[in-house]
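Quick notes on the structure that follows.
Just so you know, all these numbers are worked out from the coordinates, no wet-lab data involved. Being a predicted model, the structure only gives us computed values, none of them experimental. Please note: Cβ atoms are built from the backbone with ideal geometry, for glycine as well, and neighbour counts cover all protein chains shown.
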Amino acid sequence: MQSIRLSRRKTMAGAGALAATAALGLPAVPPAQAQTPAGGQAPGFYRYKVGDITLTAINDGFAKRPLEGFVRNAELSDVKKAMAGAFLSQDALNITFTTLAIQQGGKLTLIDTGNGDSGAPTSGTWMANFRAAGFDPKDVSTVIFSHFHGDHINGFRLKNGTAVFPNAEAMVPSAEWAFWMDDAKMNAAPEAMKGAFAGVRRVFGPVAKDVRQFEPGKEILPGITPIAAPGHTPGHTVFALSSGDSRMMIMSDTTNHPALFVRNPDWSAVFDMDGPQAAATRRKLLDMVSADRMQVAFYHAPFPATGFIAKDGNGFEMVPVQWSPAI
Ligand SMILES: [Zn+2]
């Protein structure tokens, strides 16, 4: 059968190419495998190491955000200028989402979970990417949350109530839990924020008694130490990662897109609940990681969302890592 098919293709495709393929001992690639999915990329995950810890950055797509009103304390013209300086659109920002999976000592830990099935239609690619990276949700033993905004927690529970990581323990910053689970705070919140409070209860309500709260400054898992980084939310947390001589700072939402907020650390995105406090936290952390030449990861930086911070005038610049084929 095969020889008949080959001889037919020979007539159609030309003998030369086939003869060359055969001479090199290469199998003919079926057309279906040679194509990339329509309009898509290769799966969005990227592995790297910090000492003995293996990190996998996992992308959850993006959400388009109009620039108008996005930065609270800057003129739209200055925001557009910053976007143009980074060769980005003048109309809208594609805010990307990148979580981290951490492997060490045979355990799989996540930091934040993406949007699940609750985000923009251009998001929600997390699970496919997570699986493409070779992981299974039931192998996750711990999920650590940086803060309780929907794009970080909704992946923990589907809209229909299903727990996405059936064997995982949730670890949360105690200050974040205290704020969002406080009914008085929810009742006093402006109407626009009530949905965020409801979302936190939807995600964590069914496991509330099992959630483990942590305090900043104390190692919570080997090599993972939370550091209070308030402003974006009251309990917003970043994580110092260390293994042997290697260190990295997981910066969570200390900045939104680096082209805007690493460049201009005093700017506040609308999502910063306390703008001045968020800016002070941002400056302090950016100063520290640039002085220490420490690798960083940001949740909303361009994929794979990891690099270094260089001081640049009154602001900073994010320098991405060089893509490496080996981890
Ligand atoms: Zn976020």
Give, as a single signed number, the net charge of other residues whose beta carbon lies under 13 Å from the beta carbon of L100, with Lys and Arg counted +1 and Asp and Glu -1.
-> 0
If you take the C-alpha gyration tensor of the stretch 177-327, multiply each eigenvalue by 5 and take the square root, what semi-axes do you get, largest first, in whole Å?
-> 29, 20, 14
Using all C-alpha to C-alpha distances in the stretch 237-321, build P(r) with 5 Å bins and read off the rounded percent in each one.
-> 3, 16, 29, 27, 16, 6, 2, 0
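Looking at the chain only, what percent of DSSP beta bridges run antiparallel? Nearest 5 please.
Working: 44 of 57 bridges.
The antiparallel proportion sits near 75 percent.
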Label-point separation (nm) for T54 and V270, each offset 7 Å from Cα along Cα-to-Cβ?
-> 4.1 nm
Shape call for the stretch 202-259 from the C-alpha gyration tensor, a ≥ b ≥ c root eigenvalues: rounded (a/c under 1.5), prolate (a/b greater than b/c) or oblate?
-> oblate
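Calculate, in nm to one decimal, what A310 and A189 gain on full extension: separation in residues at 0.36 nm each, minus their alpha carbon distance. It would help to have the intermediate numbers written out before the result.
On the way: separation 121, 0.36 × 121 = 43.56 nm, distance 3.81 nm.
Using 0.36 nm per residue and subtracting the Cα-Cα distance, I get 39.8 nm.
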Log entry: pair-distance distribution for the stretch 63-187, C-alpha pairs binned every 5 Å from zero, whole % per bin is 2, 9, 16, 17, 15, 14, 11, 9, 5, 1, 0
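Give the longest segment of the chain that steers clear of trypsin sites (Lys or Arg not before Pro) in DSSP loops with at most 14 neighbouring Cβ atoms within 10 Å, not counting the sites themselves.
Values: sites that count: R72, K159, K209, K218, R293.
That would be 73-158.
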From the Cα centre of the stretch 189-252 to that of the stretch 264-327, the distance in Å is 18 Å
Taking the chain and counting helices only, DSSP H stretches of n ≥ 4 at -39,500 (n - 2.57) each over all residues, the nearest-500 ellipticity at 222 nm comes to -8000 deg cm²/dmol
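For every other residue with a beta carbon closer than 13 angstrom to the beta carbon of N115, add +1 if it is Lys or Arg and -1 if Asp or Glu, then tell me the sum.
Details: positive: R157, K159; negative: D60, D112, D117, D151.
In short, -2.
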Exposed GluC sites (Glu not before Pro) absent: longest stretch of the chain, with sites in DSSP loops and at most 12 other Cβ within 10 Å deemed exposed | 76-218
For the stretch 155-185 and the stretch 85-117, what is the separation of their C-alpha centers, rounded to whole Å?
-> 18 Å
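Counting only other residues whose beta carbon sits under 14 Å from that of K311, what net charge do I get with K and R as +1, D and E as -1?
My count for the surroundings of K311 gives +1.
Using alpha-carbon pairs under 8 Å, 6+ residues apart, how would you state the relative contact order of the chain in percent? Present the calculation step by step, with values, prior to reporting the outcome.
On the way: 612 pairs, mean separation 49.2, N = 327.
Worked out over the chain, it gives 15 percent.
Could you work out Rg/(2.2 N^0.38 Å) for the chain, with Rg from alpha carbons only?
On the way: Rg = 22.7 Å, N = 327, 2.2 N^0.38 = 19.9 Å.
Rg over 2.2 N^0.38 Å, computed on Cα atoms: 1.14.
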